[in-house]
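**Student:** One structure coming up, written as structure tokens, with questions to follow.
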Amino acid sequence: TLCGAEDEILKRDGLIFKPLQSGVRSGEREFYETLLQDPSRGSLKTFCPGFHGVKRAEELGLDHTTPDTLFLALEDVTTGMAEPALADLKMGATKGWVLKDLSPQARRKKAQQDLDRSQGALGWMIVGISAQDPDAKCTAEQGKYCTDSEALMALVRYVDCSPWPAREVAACFLIQLEELIGWFALESRDLEFYNSSLLMVFDAAGPGTVAPSGEVGPDTVHARLCMIDFAHVVPVGCDRQGSRYLDGLLSLRRLFQRVALEFTSIECFKPYDGAPRAGAVAVRWVGDLLCLLLASATSKDHWIFPKGKIEAGESPAACALREMVEE
């Protein structure tokens, strides 16, 4: 399964075979066979898994289901990765806006659920993060009500779960995000994507690392951003609330920009623990030069002014002086 997806997904020969759903969820086949093939969609194909047709269970040799059960044959975007790390994000509004049998009251309830979850504040929510590093993992229950800072920390842990510099991983995703935002802003004028997901995957194996599968880690960061889950792609309008997919992309870009531009270590993004601190800015003139006293941070990769936690019975001024003298 992909990051906790409910459907059982068969993987074989560089493809995944996703059970084709029926009823209101059957629109995914139309998306791949019709909408995605329309030349007017521009570069949309580059952001989706490759489509390799529809297969019957009988063709796949499956005997645990009825022979006529249909499967979408899609590109496995983790093919060739020694240690794929995946993040599955549900973008924008939920499918409540496209289910025809819902009453106005039920639609309002769905809208309120969106607002109550992280989709309300961020325009997206974490469905799951899967990686070898246990600290990077995140479940749907953990991601459903993430605040802005919690979502940032989840992304930091995700891009920092490999030997690759986290900034490089974040920058790879950021470049692809910019391209996808450009498509939505300039070319996606007639479609709304409800209950759709954005899959991020990169090879968390270091250069030359050999995984149990026999795959060897890449020489450069191998990352892919991919849109998935298209059962509820509908024409714009039709008395529906907008899907807010683009809003979610812009929010995600903002957080990735922080990671790519500010990240030096996980310490940079640890929440403040609330303990009172005091510090000092010590200056000294040496001829015409104004010199400042700086100390190495705990992470040893940037400089700070002398500061520390105020001890029991110590005044802020005394703490600041002690920290300065210690340096």
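The values are calculated or read from the model by the stated rules, or taken from the named source; none is laboratory data. Here the structure is a predicted model, which is why all the values come from computation and not from measurement. Glycine also receives a Cβ, built like all others from the backbone with ideal geometry; neighbour counts cover every protein chain displayed. Just the protein is used for accessible areas: all its heavy atoms, side chains included, with ligands, DNA and RNA removed. Shrake-Rupley method; radii C 1.70, N 1.55, O 1.52, S 1.80 Å.
**Student:** Do you know which residues across region 194-206 are within 24 Å of C172 (Cα to Cα), crowded, with 22+ Cβ neighbours inside 10 Å and either at pLDDT below 75 or in contact with a Gly (Cβ under 9 Å, 6 or more places away or on another chain) (or both)?
**Tutor:** Passing the criteria: S196, L198, D203, A204, A205.
**Student:** Determine, yes or no, whether A185 is assigned to a helix (DSSP H, G or I), closer than 14 Å to F256 by Cα and in contact (Cβ under 8 Å) with a residue 12 or more places away in the chain.
**Tutor:** Numbers: assigned to a helix (DSSP H, G or I): yes; closer than 14 Å to F256 by Cα: no; in contact (Cβ under 8 Å) with a residue 12 or more places away in the chain: yes.
Here the answer is no, as A185 does not meet what is asked.
Each row is one residue, and each column tells you yes or no for (1) assigned to a strand (DSSP E or B); (2) within 20 Å of L74 (Cα to Cα); (3) modelled with pLDDT under 90.
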site	(1), (2), (3)
F173	no, no, no
L177	no, no, no
G208	no, no, yes
S213	no, no, yes
V221	no, no, yes
L225	yes, yes, no
A231	no, yes, yes
V234	yes, no, yes
Q241	no, no, yes
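**Student:** Another question, if that's okay. Out of all the residues in region 135-171, which are part of a helix (DSSP H, G or I) and aromatic (F, W, Y)? Spell out how you get there, then give the answer.
**Tutor:** Of all residues in region 135-171, those part of a helix (DSSP H, G or I) come to 135-136, 140-143, 148-159, 166-171.
The answer is Y158, and nothing else.
**Student:** How many of the residues making up region 303-327 are open to solvent by 90 Å² or more (accessible area, probe 1.4 Å) and touching a Lys or Arg at 6+ places or on another chain (Cβ under 6 Å)?
**Tutor:** Just the residues of region 303-327 that are open to solvent by 90 Å² or more (accessible area, probe 1.4 Å), to begin with: 303, 307, 309, 311-313, 321, 325-327.
If we keep only those that are touching a Lys or Arg at 6+ places or on another chain (Cβ under 6 Å) as well, we get 307, 309.
Number satisfying all stated conditions: 2.
**Student:** Quick one: count up the residues across region 147-171 that are open to solvent by 60 Å² or more (accessible area, probe 1.4 Å), in contact with a Gly (Cβ under 9 Å, 6 or more places away or on another chain) and of a type outside the set (D, E).
**Tutor:** Summing the residues that are open to solvent by 60 Å² or more (accessible area, probe 1.4 Å), in contact with a Gly (Cβ under 9 Å, 6 or more places away or on another chain) and of a type outside the set (D, E) in region 147-171 gives 1.
**Student:** Suppose we filter D203, D135, D148 for residues that are under 24 Å from T79 (Cβ atoms) and of a type in the set (D, E); which single one remains?
**Tutor:** Step by step, each of D203, D135, D148 is checked, and only D203 is under 24 Å from T79 (Cβ atoms) and of a type in the set (D, E).
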